[in-house]
1. Here is a list of conditions, (1) within 14 Å of the chain's Cα centre (by Cα); (2) within 18 Å of Asp61 (Cα to Cα); (3) at pLDDT 95 or above, and Thr107 meets all of them except one; can you say which number that is?
2. Let me spell it out: the conditions are (1) of a type in the set (D, E, K, R); (2) modelled with pLDDT of 95 or more; (3) more than 20 Å from Thr50 (Cβ to Cβ), and Asp121 meets all of them except one. Which number is the exception?
3. Can you tell me which condition Lys160 does not meet? The list is (1) modelled with pLDDT under 50; (2) in a strand (DSSP E or B), and all the others hold.
4. Given region 84-125, what strands (runs of 3 or more DSSP E) lie entirely inside it while holding 1 or more residues that are among the charged types (D, E, K, R) and either out of contact with any helix residue (DSSP H, G or I) (no Cβ under 6 Å at 6 or more places or on another chain) or within 12 Å of Val138 (Cα to Cα) (or both)?
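The values are calculated or read from the model by the stated rules, or taken from the named source; none is laboratory data. As the structure is a computational prediction, the values presented were derived from the model and not from experiment. So basically every Cβ, Gly included, is an ideal-geometry build from the backbone, and we count neighbours across all protein chains shown.
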Amino acid sequence: MRKQTLNGLGMAALLLIAGCAEGGGLGGGANRTFYADLQGGAKDCTTTPTRVSLSNGSSTDVAMSVTNDGGWCGISVSRFAGPYSAGLMVQRPSNGKVYVHTVGSATRVDYTPDPGFRGTDAFAVKLIPGDATMKVAVTVKPAGGAAPPASSSSSTTAAKPAAKK
């Protein structure tokens, strides 16, 4: 019985190590991204630019497009001195959540839209040390991949059944 438990623990350790194998990830380059880190990402996530490099006191604008399928969309931010220590929300998103964390030698800013939301959102993060600011304009598409409707007048409604007498 003890031998089977040790074999099970050994197998679990191998699976954990295999799940953390290095992958191409977000943009390749010198930053190390791991497959396990990419779990939970939205199937359709586009940012322009794809990677941001900030210096002290600088500010940049980023456009993000994400499908609301329950996953996050991330922007990799790098600087010469390594990852940032923290991110302060200067402007919170109205329809989602933002998570700032270190991935390899870079900082990643992830946005997850609220369930069922589609439309536009925005947020801004000040990264410290160095007071660099990143402003992000987000377009959230429904899970089917279709664009949000242009206006409410173009939407259709199902016909109501006739009332019984």
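1. Failing condition for Thr107: (3).
2. Answer for Asp121: the failing condition is (3).
3. (2)
4. Because the criterion is at least 1 residues that are among the charged types (D, E, K, R) and either out of contact with any helix residue (DSSP H, G or I) (no Cβ under 6 Å at 6 or more places or on another chain) or within 12 Å of Val138 (Cα to Cα) (or both), the strands (runs of 3 or more DSSP E) in region 84-125 that meet it are 96-103, 106-113.
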